[in-house]
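Only one structure is covered here, and it is reproduced in the block below.
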Amino acid sequence: MERLSQWIEERDRVLVMGVLNLTPDSFYDGGRYVTVQAAVTQALTMVEEGADIIDIGGESSRPGAGSVNLDEELARVVPVVEALAAKSDVLISVDTTKSAVARAAIAHGARIINDISALRFDPDMGEVVARGGAFLVLMHMQGTPETMQQDPRYTDPVTEIEDFLRERIDAAVSAGIDRKRLIIDPGIGFGKRLAHTLEILRRLASFKDLGVPILIGLSRKSFLGEILDLPTSARLEGTIAANAIAIANGADIIRVHDVKEGRRTADVAFRLRNNAT
Ligand code: 9MG
């Protein structure tokens with residue numbers, strides 16, 4: 001059985017997804033990996049530190065970010081996917097909302113498409129993922145990256161996000177994607193105020209009702225800056241605390257910039273949650 005399918009059946013550990021941004025303008029690590037070689041070296045370091053998945057992104061999704069054209073995104077992402085797949089059997093995820101990028105990435109070795117739009121920005125994305133037999137992350141976002149943090153509002157964020165994700169799971173299944181290949185994500189930082197984020201983390205276990213693994217991305221995000229009054233460079237301890245709580249409350253995959261610390265957090269929090277000896 002394929003490795004990720006087996007993990008989805010067994011859930012015997014929390015997976016760590018390491019972030020590899022190939023963008024000049026990401027909120028934390030923008031502009032660091034400008035050559036294919038530098039990007040692959042960083043990915044291999046994350047694998048050594050314990051990453052199960054490397055999430056490669058060629059378009060920034062930070063609040064206010066504009067979009068990148070297709071050729072530019074392909075040129076950033078595909079050579080790195082190809083070179084990493086040749087050097088490692090780590091699971092490769094590609095963070096994209098464009099079906100053409102997803103198609104090329106899958107053809108060159110990506111097994112997961114991390115679509116922050118949950119199939120809403122490109123009408124062909126569902127079919128491309130289905131045909132490629134890839135796994136798909138469906139993330140919640142209120143608004144678009146340009147507008148999402150301007151004035152997010154919910155009556156009940158957890159119920160509304162759960163309803164949204166249920167509807168997007170149905171859309172993915174209608175597009176031909178096996179339900180067993182879906183992963184959901186409440187989309188921290190994507191149209192959420194601090195109070196919404198705290199409520200989502202407190203009630204994360206509610207999303208278990210949807211019956212698919214829960215991914216969460218908390219790493220160095222602005223809610224930590226709001227709590228600590230510290231810049232992105234000083235949010236590691238906050239990230240560790242938030243990830244531990246998320247895992248205690250049911251997260252199955254954590255998306256992190258700091259893989260060594262994320263791996264240790266995941267292994268300890270998982271053991272505490274599952275009361276395993
Ligand atoms: C691309 N990206 C940035 N933050 C993210 C998050 O929280 N989840 C997912 N799935 N992708 C993210």
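The values are calculated or read from the model by the stated rules, or taken from the named source; none is laboratory data. Every value quoted in this text rests on a predicted model; they were computed, and no experiment measured them. When we count neighbours, we look across all protein chains shown, and the Cβ atoms used for this are built from the backbone with ideal geometry, even at glycine. The area values use the complete protein model at the heavy-atom level, side chains included, leaving out ligands, DNA and RNA. Shrake-Rupley method; radii C 1.70, N 1.55, O 1.52, S 1.80 Å.
Here are the numbers for the structure shown:
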item	result
Spatially proximal aspartates and glutamates relative to residue 260 (Cα-Cα < 12 Å; intrachain offsets below 8 disregarded)	48, 49, 52
Most to least accessible of 232, 147 (protein chains only, probe 1.4 Å)	147, 232
Residues of the chain: accessible area per residue with a 1.4 Å probe, Å²	42 Å²
Dipole moment magnitude, nearest 20 debye, the chain about Cα centre, only Lys, Arg, Asp, Glu C-beta charged	500 debye
Segment 40-105: translational diffusion in µm²/s, Stokes-Einstein, Kirkwood Rh over Cα pairs, 20 °C, 1.002 mPa s	172 µm²/s
Residues whose placed amide H lies under 5 Å from that of residue 94, excluding near-sequence neighbours	56, 112, 113, 114
Rounded Å value of the spacing that divides the Cα centres of segment 65-102 and segment 144-172	25 Å
Surface accessible to a 1.4 Å probe, residue 240 within the full protein complex, Å²	60 Å²
Dipole axis of the chain (+1 Lys, Arg; -1 Asp, Glu on Cβ), positive-most option in 51, 139, 190	51
The chain: relative contact order in percent, alpha carbon pairs under 8 Å with at least 6 residues between	19 percent
Segment 167-277, relative contact order [Cα under 8 Å, separation at least 6], %	24 percent
The chain - percent of accessible surface contributed by carbon and sulfur, probe 1.4 Å	50 percent
Size of segment 149-277 as Cα extents on the principal axes (Å, biggest first)	44, 43, 22
Long-range amide H partners of residue 187 with built H, under 5 Å	140, 217
GNM flexibility winner over the chain from 118, 107, 51 (Cα, springs under 10 Å)	107
Cα-based Kirkwood hydrodynamic radius, segment 107-164, one decimal, Å	13.1 Å
Accessible-area value, residue 122, 1.4 Å probe, nucleic acids and ligands omitted, Å²	30 Å²
Segment 16-263 - convex hull of alpha carbons, volume per residue in Å³	108 Å³
Rounded to the nearest 10 Å², the accessible area of residue 214 at probe 1.4 Å	0 Å²
Virtual paramagnetic centre 7 Å along Cα→Cβ of residue 264, amide N under 14 Å, in segment 35-58	49-50
Span-rule helices in the chain, defined as complete DSSP H runs reaching 20 Å or more along the axis (Cα) with Kyte mean at least -0.5	70-87, 157-174
